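Reading through the structure tokens given below for one structure.
The values are calculated or read from the model by the stated rules, or taken from the named source; none is laboratory data. Please read these numbers as outputs of a predicted model, since none were measured by experiment. Cβ coordinates were reconstructed from backbone atoms using ideal geometry, including for glycine residues, and neighbour counts include every protein chain displayed. Just so you know, the surface numbers come from the protein's heavy atoms only, side chains and all, with ligands and any DNA or RNA stripped out. Shrake-Rupley method; radii C 1.70, N 1.55, O 1.52, S 1.80 Å.
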Amino acid sequence: MGLLPGGFLGVDVFFVLSGFLITSILLHEWNSFDRIEFRSFYARRAVRILPAFLVFAVAALICGQVINKPEWDHLPWALSFTINWRLAVQDSPTWGGLFSPIWSLSIEEQFYLLWPFALVAVLKAKAGARLWIIAAAILIVALWRFHLSGYGHPMRTYNGFDTRADTLLVGCFIALWPSERLSRFAARIYLVPVAGLLIAAVVTHWDSPIVHEIGFSLAAISAGLIIAALQQPGTIVGFWLSRAPFRLIGRLSYSLYLWHMLAFSLPPYLGIHGQRPLGLLFALAMAAGSYYWIERPCLRWHSRRAAARRGDALEPSPASREPIPQPADGRQSLVEQARYRY
């Protein structure tokens, strides 16, 4: 946070990407089968999220006891994925201790709970009205956050689902508008939002009033344009993000976010100098262990089980197969790659 005080905007980028990917997956199912299988969707989300989270929760409780910062008061809020609402009424963003990063995961879970049903309702509306419905919802949330920001309680607007849902909905909007014209336009100007986000990461602070008034909205729109651009293969950013190191980070992104607070809390307790580099190494090691020993095996188990229920061959689904399939010319949209793993 000292080097990038605006690094919190990375969560907004992830929210937009999450809304886009989840909506794309649900749309593919709707277009293929004219329905959405809710049971399958929620089972997949549970297998993707819960195993690693539960292991982390046990580790956080043990670590909290060891460093004399018990986490028991935070546990019920974390397990119920409502810690964002508990943080919304706090004065300090550190109230949740090792569980405080779960605020964004809580918003994600609340989105997963509501969006599939809302999407079905949107899809049953007239085709010309669908984007207007989502755009209206985005505007309502943004105006609501702007209104609440005037009361000077940034924790409320930062952590509330009702004040952050617009970032997820921007991703949903991009998925519902698969416009070649939009993606080509975004591919021409996407370096502008990329530069804007990078500058914001250096100069902004999470509790700045302007961030809550319009900053989150601008970050979401910027992320949406970048995602639209990355649907065009061959962009510079897409090229670099498709390289092996960045793909590995993308693969471990959930685990890195889950474990980073615990990882960075260990070096100070151990009295080790160079806390940031060592904390980063700890975070990478924990994330790799979580992904390769917990998340990927669970996803493969779920894929085999789902295939068996369908009567298909017991093969992993594309979501857990290695490596990601590549087109003959070796080029593939970064977003298309991400869909295989979400």
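Scanning the stretch 261-271 for residues being under 20 Å from Leu54 (Cβ atoms) and open to solvent by 60 Å² or more (accessible area, probe 1.4 Å) gives a total of 1. Number of residues in the stretch 128-176 that are open to solvent by 40 Å² or more (accessible area, probe 1.4 Å) and outside any helix (DSSP H, G or I): the value is 4. Just one of the listed residues (Phe81, Phe117, Phe111) is within 25 Å of Leu169 (Cα to Cα), in a loop (DSSP other than H, G, I, E, B) and among the aromatic types (Phe, Trp, Tyr), and it is Phe81. Evaluated against (1) modelled with pLDDT of 95 or more; (2) more than 29 Å from Leu230 (Cα to Cα); (3) crowded, with 20+ Cβ neighbours inside 10 Å, Gly96 falls short on exactly one condition, (1).
Residue under question is Ala59, and the condition is that it be over 19 Å from His260 (Cβ atoms), surrounded by fewer than 20 Cβ atoms within 10 Å (Cβ to Cβ) and at pLDDT 95 or above; does it hold? Answer is no for this residue. Gln232 satisfies every condition listed in (1) assigned to a helix (DSSP H, G or I); (2) within 22 Å of Gly19 (Cα to Cα) except (1). From the list Leu4, Leu21, Leu17, the one residue that fits, being closer than 30 Å to Leu230 by Cβ and either surrounded by fewer than 17 Cβ atoms within 10 Å (Cβ to Cβ) or of a type in the set (Asp, Glu) (or both), is Leu4.
Being in a helix (DSSP H, G or I), under 19 Å from Gly6 (Cβ atoms) and open to solvent by 20 Å² or more (accessible area, probe 1.4 Å) is a description that does not apply to Leu248.
When residues in the stretch 272-284 are screened for being open to solvent by 70 Å² or more (accessible area, probe 1.4 Å) and either basic (Lys, Arg) or not in a helix (DSSP H, G or I) (or both), 2 of them pass. Residue pairs whose Cβ atoms lie under 7 Å apart, separated by 6 or more positions or on different chains, with the first residue in the stretch 224-240 and touching a residue at least 40 places away in the same chain (Cβ under 8 Å) and among the aliphatic types (A, V, I, L, M) and the second open to solvent by 40 Å² or more (accessible area, probe 1.4 Å) and not in a loop (DSSP other than H, G, I, E, B), are Ile227/Leu17. Within the stretch 58-73, not a single residue is touching a Phe, Trp or Tyr at 6+ places or on another chain (Cβ under 6 Å) and closer than 25 Å to Arg164 by Cα.
Among residues of the stretch 59-74 that are in contact (Cβ under 8 Å) with a residue 40 or more places away in the chain, those with a Cβ under 6 angstrom from a residue that is open to solvent by 100 Å² or more (accessible area, probe 1.4 Å), sequence gap 6+ or separate chain, pair up as Ile67/Tyr269. What are the residues in the stretch 184-220 that are of a type in the set (A, V, I, L, M) and over 20 Å from Leu230 (Cα atoms), if any? Those that are of a type in the set (A, V, I, L, M) and over 20 Å from Leu230 (Cα atoms): Ile199, Ala200, Ala201, Val202, Val203, Ile210, Val211, Ile214. For the stretch 200-218, state whether one or more residues are outside any helix (DSSP H, G or I) and within 16 Å of the chain's Cα centre (by Cα). No: the stretch 200-218 contains no residue that is outside any helix (DSSP H, G or I) and within 16 Å of the chain's Cα centre (by Cα). Scan (1) closer than 22 Å to Gly6 by Cβ; (2) open to solvent by less than 60 Å² (accessible area, probe 1.4 Å) for the single condition Ser179 breaks and write down its number. The failed condition is (1).
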